[in-house]
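A short write-up of the structure that comes next.
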Amino acid sequence: MLKNTQSKIILMICILEVLLITGLGVYFAHTNQMRTYIAVAIMIAILISICIAILLSKSEKEIDIMTVELKDKLSDVSTQKKQVEAILLHMTDGIIAFNREGEIILINPAAKKLLSIRSRRQYI
């Protein structure tokens with residue numbers, strides 16, 4: 001139902017608002033004019049609560065949609081990474097990549113073989 005803390009806080013504020021307005025209605029119940037004001041205030045509080053609930057449900061649906069899209073994109077990136085790794089692993093040409101400090105960040109098996117490198121560290 002309510003998934004995040006923000007939704008719970010807003011719901012608690014709405015409930016407290018309705019309780020406060022109801023309490024004021026009971027306190028001022030002896031005057032007819034005040035009863036009308038309190039009744040209107042209660043209706044406004046209920047409408048505000050309903051509007052907030054609708055907005056929150058829409059935003060939670062949008063977050064769910066964005067989460068699914070992000071998972072799909074991460075899956076695509078993972079698939080592409082595996083494809084590139086497979087290509088580099090089975091290439092007959094040697095490939096070595098360096099970072100700005102001159103350290104090897106990637107070396108494929110063909111480059112290791114060509115340079116007679118026996119490293120325990122895996123770069124692919």
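For the stretch 49-63, taking the residues that are of a type outside the set (A, V, I, L, M, F, W, C) and modelled with pLDDT of 70 or more, the one that is surrounded by the most Cβ atoms within 10 Å (Cβ to Cβ) is identified as Ser49. I'd like to check something: does the stretch 98-107 contain any residue that is among the β-branched types (Val, Ile, Thr), modelled with pLDDT of 85 or more and loosely packed, with under 10 Cβ neighbours inside 10 Å? No, that holds for no residue. Inspect the stretch 64-73 for any residue being within 30 Å of Leu16 (Cβ to Cβ) and either modelled with pLDDT of 70 or more or surrounded by 12 or more Cβ atoms within 10 Å (Cβ to Cβ) (or both) and give the result as yes or no. There is at least one residue in the stretch 64-73 that is within 30 Å of Leu16 (Cβ to Cβ) and either modelled with pLDDT of 70 or more or surrounded by 12 or more Cβ atoms within 10 Å (Cβ to Cβ) (or both). Residues of the stretch 48-106 that are touching a Leu at 6+ places or on another chain (Cβ under 8 Å) and assigned to a loop (DSSP other than H, G, I, E, B): Gly94, Ile95.
The values are calculated or read from the model by the stated rules, or taken from the named source; none is laboratory data. Computed from a predicted model, the values in this text were never measured in an experiment. Don't worry about glycine lacking a Cβ; one is built from the backbone with ideal geometry, like all the others, and counts go over all protein chains shown.
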